[in-house]
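Everything on this sheet refers to the single structure shown next.
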Amino acid sequence: MALSATEILEGLAEIVSEETGLPVESVKAESTFAEDLDIDSLSMMTIMTYAEERFNVRIPDEEATSLSTVQDAVSFIEKAQEA
Amino acid sequence: MTTLKVTEPTAYSRILGIGGVRGERVVTNDDIAGPINSSDEWIQQRTGIVTRRRAAADVSLLDMCEQAGRQAIEASGVDPAEIDVVILGTITHMEQTPSAAAIVADRLGLTPAAAYDISAACAGYCYGIGQADALVRAGTAQNVLVIGAERMSDVIDPTDRTISFLLGDGAGAAVVGASDTPGIGPTIWGSDGSLAHLIKQTHSWLTFRDGTDTTWPTLRQEGPTVYKWATFQMAPVALRAIEAAGLQPEDIDVFIPHQANMRIIDQMVKLLHLRDDVIVARDIAETGNTSAASIPLATERLLRENQATGGQIALQIGFGAGVAYAAQVVVLPNKTHTV
């Protein structure tokens, strides 16, 4: 069963927190990966790999680099779940 | 009926001695940051590299191979007359033929040893150890000198932000011979040419010759994708090597991955669930990424600095352009070359 946007956001926040050491609460939908969360391209790859595993979706590398905010990633995963 | 006589197999092989030489020039991040509009902080944070070692102008790939090979032979205690194969992993021997291995074999007084180069980039050394193990156990070779060596500074572009700034020069070597006990576990190896574009030469020598592109061909990589492949695809390969050797991750004393990037090393350590006290090779911080030379150089350092000792169980894994990869569990040799 497809997860809701809220559930995806929660799961993604946990993954980001694990990779960056930031508290889960600091990962908000409007946060930008690069500026707000200080996530570089290599960390982004790690986060997206764990997200693929957790949400059972495929996130191509070129998509991963174009996701600017956490909400962008949530929306992408939400759509990918339906595919 | 006529029956052929075949070689007598030997039960086990092991690494008998290790040697290594690094380029003598210490190149700092500040030395190379200008042309890539970068900084010491950015490079350290992205790669863990503080310095990389590059060869002096008058030191060739063959010179480094000869020196590392001599050290490994001395450390092994093997009579050079009993070394009958030389395998050299490299992608920076700048002549199509003859092989670097044949010349190095002769310089070391090993003629008429069989000698050949292998092109498996950063997996070259582990490919060589896998072959040496098979040759010795099959009885095809008595002792094999395996060398991983690169003069990567010949194929770098100072303005390239993808890979050049990581690269260093050096040569590492190991002598593999017969053993009373198992010393080299099964090699888990492979390749996937469909990913060849991830790490490659900018253009071919023919393009260079024909004048279509007269810039010197250098290397490029798709960094983030290579990171993802190396980390998440290679950890399972390493686990298969552990399993093939009949061991569990907690049995590994020393982890010696290809020194590609400290971030890859750190992530692999997490994924492999190795023991908290596992010794992890981090030679990349001072030596940089030396491709085929990185694993034997990292091993040489661990032994020389007494961070690791002979008899310990080490997991080694090489991975890189091709893409090609190889992993095996080995028992570390007792001795390293002492200067």
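Computed values, structure above
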item: Those residues of the stretch B:103-132 which are assigned to a helix (DSSP H, G or I), on the phi < 0 side of the Ramachandran plot and under 13 Å from the mean Cα position of the chain (by Cα), in sequence order; result: B:Cys122, B:Ala123, B:Gly124, B:Tyr125, B:Cys126, B:Tyr127, B:Gly128, B:Ile129, B:Gly130
item: Residues satisfying the stated conditions in the stretch A:35-83, i.e. polar (S, T, N, Q) and under 17 Å from B:Thr225 (Cβ atoms); result: A:Ser41, A:Ser43, A:Thr46, A:Thr49, A:Thr65, A:Ser66
item: Selected residue [without any contact (Cβ under 8 Å) to a residue 60 or more places away in the chain and closer than 30 Å to B:Arg70 by Cα] from B:Ala235, B:Ala260, B:Ala281; result: B:Ala281
item: Criterion: touching a strand residue (DSSP E or B) at 6+ places or on another chain (Cβ under 6 Å) and not β-branched (Val, Ile, Thr) - qualifying residue of B:Gly223, B:Gly246, B:Gly211, B:Gly177; result: B:Gly177
item: Breaking point among (1) away from chain B (no Cβ under 14 Å); (2) more than 23 Å from B:Thr47 (Cβ to Cβ), for A:Ala51; result: (1)
item: First in the stretch B:296-308 and under 13 Å from B:Val254 (Cβ atoms) and in the same structural domain as B:Gln71 (by TED's automatic domain parsing), second anywhere and polar (S, T, N, Q) and part of a helix (DSSP H, G or I), Cβ under 8 Å, 6 or more apart; result: none
item: Which listed residue, of B:Ala178, B:Ala174, B:Ala244, B:Ala230, is over 22 Å from A:Pro60 (Cα atoms) and crowded, with 23+ Cβ neighbours inside 10 Å; result: B:Ala174
item: Subset of the stretch B:78-94 [outside any helix (DSSP H, G or I) and of a type in the set (Asp, Glu)]; result: B:Asp79, B:Asp84
item: Meets criteria (of a type in the set (Asp, Glu), under 22 Å from B:Gly69 (Cβ atoms) and in contact with a Lys or Arg (Cβ under 8 Å, 6 or more places away or on another chain)) for B:Asp169; result: yes
item: Helices (runs of 4 or more DSSP H) (entirely within the stretch B:248-335) containing at least 3 residues that are within 14 Å of another protein chain (Cβ to nearest Cβ); result: B:262-272
item: Subset of the stretch A:20-60 [farther than 25 Å from A:Ala83 by Cβ and of a type in the set (D, E, K, R)]; result: A:Glu25, A:Lys28, A:Glu30, A:Glu35, A:Asp36, A:Asp38, A:Asp40
item: Unmet requirement for B:Arg240, which otherwise passes all of (1) among the charged types (D, E, K, R); (2) assigned to a helix (DSSP H, G or I); (3) under 24 Å from B:Val146 (Cβ atoms); (4) in contact with a helix residue (DSSP H, G or I) (Cβ under 9 Å, 6 or more places away or on another chain); result: (4)
item: Residue count for the stretch A:56-75, restricted to those that are away from chain B (no Cβ under 14 Å) and either of a type in the set (Val, Ile, Thr) or crowded, with 21+ Cβ neighbours inside 10 Å (or both); result: 5
item: Residues located in the stretch B:141-153, provided they are surrounded by fewer than 24 Cβ atoms within 10 Å (Cβ to Cβ) and in contact with a helix residue (DSSP H, G or I) (Cβ under 8 Å, 6 or more places away or on another chain); result: B:Gln142
item: Per-region count, the stretch B:181-232, residues within 14 Å of another protein chain (Cβ to nearest Cβ) and under 26 Å from B:Ile252 (Cα atoms); result: 7
item: Complete set of residues in the stretch B:40-77 that are buried (at least 20 other Cβ atoms within 10 Å of the Cβ), away from every other protein chain (no Cβ under 14 Å) and part of a loop (DSSP other than H, G, I, E, B); result: B:Ala55
item: Qualifying residues in the stretch A:5-48 (those that are among the polar types (S, T, N, Q), more than 14 Å from every other protein chain (Cβ to nearest Cβ) and touching a residue at least 12 places away in the same chain (Cβ under 8 Å)) - the one surrounded by the fewest Cβ atoms within 10 Å (Cβ to Cβ); result: A:Thr32
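The values are calculated or read from the model by the stated rules, or taken from the named source; none is laboratory data. Note that the coordinates shown come from a computational prediction; the quantities given were computed from them, not determined experimentally. Please note: Cβ atoms are built from the backbone with ideal geometry, for glycine as well, and neighbour counts cover all protein chains shown.
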